[in-house]
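Below is one structure, written out as structure tokens; comments come after it.
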């Protein structure tokens, strides 16, 4: 999200159209060939709602915490895991 310009909690609170953020995130995922699930508009609405209701870090201008997810680019190599 930081690469899309959402670097502070205040910036996330300014989101008026959750659909645009969902679209931006899914476009970034596709452009960078990330092997993660699609972000729905409903998920973004929940994130924004939680932030507006102050279910966020104490400082409104604090940088967003790093993601706990490990995001890896897709590879053309077949998986070595058994099916």
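The values are calculated or read from the model by the stated rules, or taken from the named source; none is laboratory data. What you see is a predicted model; the values in this text were computed from it and never measured. No Cβ is skipped: glycine too gets one built from the backbone with ideal geometry, and neighbour counts run over all protein chains shown.
Computed quantities for the displayed model
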| read-out | value |
| --- | --- |
| Search result, residues across segment 40-57 that are at pLDDT 90 or above and within 11 Å of the chain's Cα centre (by Cα) | 40, 43 |
| Sole exception among (1) at pLDDT 85 or above; (2) surrounded by fewer than 12 Cβ atoms within 10 Å (Cβ to Cβ) for residue 36, by number | (2) |
